[in-house]
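Engineer: One structure coming up, written as structure tokens, with questions to follow.
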Amino acid sequence: MTVAAIPLLPGLSGAPRGSYAHTVQTTVQGTTTDPADADQQIIASVLAGDRDAFSVLIQRYSDPLYRHALGMTGSPDVAEDILQQSFIKAYHHLAEVRGRFDAWLFRIVANGCKDWLKNIRRTHVSYEEDDQPSNYATPDEDLDRSELRRDLDQALAHLAPSLREAFVMKHVEGRSYEEMADLLGTTVGALKMRVHRAREALQALLEEKYA
């Protein structure tokens, strides 16, 4: 398989996005199918030569994975690149999937984010934060919001990747500890500890300015 043959959707970050497969019911040939089983059927089709079937997996998972990459990197462009590269890697290693595809794919994206963060720390390169329009009514409130976001983003950038990952999944993406443990292949107790340590570290970094 070549990279050019992968049916990647242009502009993943701007495409309509769905939710994780385990939150939706999937219908195959008129019957309601478990999402994990539906994924396996799609994977089997791709491995049998139906490359276009991979686009179904892209559409199904691009939204939550993009949000995670954006929360980890703070940059829409970087998040887009990580997502594209992760789908390419997943496509080339599809025959290696064992267990749930969504958890396997999530770990590819998560590792891509952590690798990027490590590289940023080594090179001391800063990144542009997402410039989203403000919902605040006045310029002063908008300025305060932007400053707080910038300070929080900078504080998050100082966290170890594993702590930042846990904090983003819990407090940005709103996941349960059980779902986090399932996706990351670790325990609820370990993740609670990471989130607790992340909160303490962020508090220490921010309290001097906002005390």
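The values are calculated or read from the model by the stated rules, or taken from the named source; none is laboratory data. Quantities reported herein were computed from a predicted structural model and do not represent experimental measurements. Neighbour counts are summed over all protein chains in view; Cβ atoms, including those assigned to glycine, are modelled from backbone coordinates with ideal geometry.
Engineer: Looking at Val172, Val168, which is the one that is under 21 Å from Ile108 (Cβ atoms), modelled with pLDDT under 90 and not assigned by TED's automatic domain parsing to the domain that holds His68?
Structural biologist: Result: Val172 is the single residue among Val172, Val168 that is under 21 Å from Ile108 (Cβ atoms), modelled with pLDDT under 90 and not assigned by TED's automatic domain parsing to the domain that holds His68.
Engineer: While we're on this one: Residue under question is Ala190, and the condition is that it be among the small types (Gly, Ala, Ser) and modelled with pLDDT under 90; does it hold?
Structural biologist: no
Engineer: Also, I was wondering about something else. Please enumerate the residues belonging to the range 75-110 that are part of a loop (DSSP other than H, G, I, E, B) and among the β-branched types (Val, Ile, Thr).
Structural biologist: Correct list: Val97 only.
Engineer: Still on this model: Do we have any residue at all in the range 65-80 that's surrounded by 15 or more Cβ atoms within 10 Å (Cβ to Cβ), of a type outside the set (Phe, Trp, Tyr) and out of contact with any helix residue (DSSP H, G or I) (no Cβ under 7 Å at 6 or more places or on another chain)?
Structural biologist: yes
Engineer: Here's something else I'd like to know. Any residue in the range 69-81 that's of a type in the set (Val, Ile, Thr): show its pairings with residues that are in a loop (DSSP other than H, G, I, E, B) at Cβ separation under 7 Å, as long as the two are six or more apart or on different chains.
Structural biologist: Qualifying pairs under 7 Å: Thr73/Tyr127; Val78/Tyr127.
Engineer: Tell me which of these Ser134 doesn't satisfy, since it passes every other one: (1) surrounded by fewer than 17 Cβ atoms within 10 Å (Cβ to Cβ); (2) at pLDDT 90 or above; (3) of a type in the set (S, T, N, Q).
Structural biologist: Of (1) surrounded by fewer than 17 Cβ atoms within 10 Å (Cβ to Cβ); (2) at pLDDT 90 or above; (3) of a type in the set (S, T, N, Q), only one is false for Ser134: (2).
Engineer: Just to be sure I understand the filter: pairs with C-beta atoms under 9 Å, separated by 6 or more residues or on different chains, first member in the range 150-169 and small (Gly, Ala, Ser), second member not in a helix (DSSP H, G or I). Which pairs pass?
Structural biologist: Hits for this filter: Ala157/Gly74; Ala157/Ser126; Ala157/Tyr127.
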